[in-house]
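Trainee: Before anything else, here's the structure in question.
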Amino acid sequence: MYISHNIQLSQLLDMNNPFAVLEEVKCNFIHSYPIYEFAEVRLAFSDFMDLMDGNYPGYRRANTKFHDKKHTTDALLAISRLIDGYNINHADKLNVHMVKLALISTIFHDAGYVQTIDDVTGTGAKYTLSHIERSINFLEKYYHKLNFIKKDFESMKNMVNCTGLNVMLNKIKFSSEDEKILGFMLGTADLVGQMSARTYLEKLLHLYKEFKEVYKEYRI
């Protein structure tokens with residue numbers, strides 16, 4: 001059998017195509033769970049795309065160039081692979097509902113960078129220091145659309161809080177071991193996803209500009 005040695009890893013998945021990334025996430029998901037369980041994740045992703053494109057009620061088009069669609073899809077793919085790897089290596093797979101909450105938390109973990117329709121000054125970068133809280137606030141208004149309950153929101157809140165670089169993880173009151181594992185996975189995927197991106201070094205200039213806007217906003 002002939003095996004080509006000319007395949008480039010970058011050609012296996014178009015990371016610049018958000019829907020191609022979502023399909024890869026789905027493929028990882030159905031290694032362990034029924035495909036119908038992916039429905040809420042797909043709906044949340046569609047709403048995320050509307051949010052970023054300025055088509056979600058009450059919000060402007062996203063305008064941060066580092067914390068953009070690709071940053072989110074990079075993190076989403078990373079956590080889906082971490083979940084898949086965990087399930088392959090453990091007899092007891094992660095709870096499917098908790099996994100869905102983790103994937104949706106990842107999709108909206110940086111929603112706090114998106115400005116509301118009446119916020120017309122600067123860019124969403126000015127919310128760098130408060131974006132986690134704003135992301136959680138978005139989820140609190142959103143979770144009903146997926147027919148989730150308050151307990152589900154609390155789990156997503158805990159997971160999103162794991163993305164804070166200065167968070168005290170031992171202070172988060174996780175409701176279960178699966179929630180804790182998935183929260184830690186989200187915090188890991190947020191960093192690994194962006195740092196493993198082929199354009200990470202080039203995009204650092206955009207991150208610098210986002211931080212520069214925070215400096216101007218808070219005079220720090």
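Quick note: the coordinates plus some simple rules give every number you see, no bench work behind them. Please read these numbers as outputs of a predicted model, since none were measured by experiment. With ideal geometry, Cβ positions are generated from the backbone for all residues, glycine too; neighbour counts draw on all protein chains shown.
Trainee: For the chain, modelled as a Gaussian network with Cα springs under 10 Å, which listed residue fluctuates most, Met159, Met98, Met168?
Mentor: Comparing Met159, Met98, Met168 in the GNM, the peak value goes to Met168.
Trainee: Ok, one more. Can you compute the radius of gyration and Dmax for region 23-101, using only the Cα atoms, both in Å?
Mentor: My reading of the Cα-based Rg and Dmax gives 14.4, 45 Å.
Trainee: Right, another one. Calculate the dipole size of region 71-205 relative to its Cα centre from +1 charges on Lys and Arg beta carbons and -1 charges on Asp and Glu beta carbons; express the result in debye to the nearest 20.
Mentor: That gives region 71-205 a dipole magnitude of about 120 debye.
Trainee: To the nearest 20 debye, what is the magnitude of the charge dipole of region 1-144 about its Cα centre, counting +1 on the Cβ of each Lys and Arg and -1 on the Cβ of each Asp and Glu?
Mentor: Taking the Cα centre of region 1-144 as origin, the dipole is about 160 debye.
Trainee: Towards the positive end of the charge dipole of the chain, with charges on Cβ (+1 Lys, Arg; -1 Asp, Glu), say which of Ile88, Asn28, Phe211 has the farthest Cα.
Mentor: So the residue we want is Phe211.
Trainee: Where a Cα-Cα gap under 17 Å defines reach, which lysines qualify for Lys203, not counting those fewer than 8 residues away within the same chain?
Mentor: In chain and number order, the partners are Lys65, Lys69, Lys70, Lys212.
Trainee: Report the FRET efficiency, 1/(1 + (r/R0)^6), for Ala91 and Phe184, where r is their Cβ-Cβ distance and R0 is 22 Å, rounded to 0.05.
Mentor: 0.65
Trainee: Now, a different point. Hey, what D do you get for region 170-214 in µm²/s if you plug the Kirkwood alpha-carbon radius into Stokes-Einstein at 37 °C and 0.692 mPa s?
Mentor: It comes out at roughly 259 µm²/s.
Trainee: So which DSSP H runs in the chain come out at 20 Å plus along the axis (Cα) with average Kyte-Doolittle of at least -1.0?
Mentor: Helix filter hits for the chain: 39-53, 69-89, 177-195, 200-218.
Trainee: Further question: So for region 70-136, what percent of the C-alpha to C-alpha distances run longer than 21 Å?
Mentor: That tail contains 39 percent of the Cα-Cα pairs.
Trainee: If packing is taken as the mean number of other Cβ atoms within 10 Å per residue, what is the order of 44-55, 203-214, highest first?
Mentor: Top of the packing list down: 44-55, 203-214.
Trainee: Which residue fluctuates most in the GNM of the chain (Cα springs below 10 Å): Gly187, Gly122, Gly164?
Mentor: So, out of Gly187, Gly122, Gly164, the one fluctuating most is Gly122.
Trainee: Hey, can you rank 79-91, 104-116, 63-75 by average C-beta count inside 10 Å, highest first?
Mentor: Order by mean packing, descending: 104-116, 63-75, 79-91.
Trainee: Additional query: Could you tell me the distance between the Cα centroids of region 56-112 and region 179-194, to the nearest Å?
Mentor: 9
Trainee: Continuing with the same structure: What would the Debye formula give as log10 I(q)/I(0) at q = 0.08, 0.11 Å⁻¹ for the alpha-carbon point model of the chain, no solvent?
Mentor: So the normalised log intensities are -0.28, -0.54.
Trainee: Work out the charge dipole of region 73-196 with +1 on the Cβ of Lys and Arg and -1 on the Cβ of Asp and Glu about the Cα centre, then indicate which of Thr73, Met156, Asn166 is farthest towards its positive end.
Mentor: Towards the positive end, the residue furthest out is Met156.
Trainee: With the chain treated as a Gaussian network of Cα nodes joined by springs under 10 Å, which of Asn158, Asn166, Asn16 yields the largest mean-square fluctuation?
Mentor: Top of the fluctuation ranking is Asn166.
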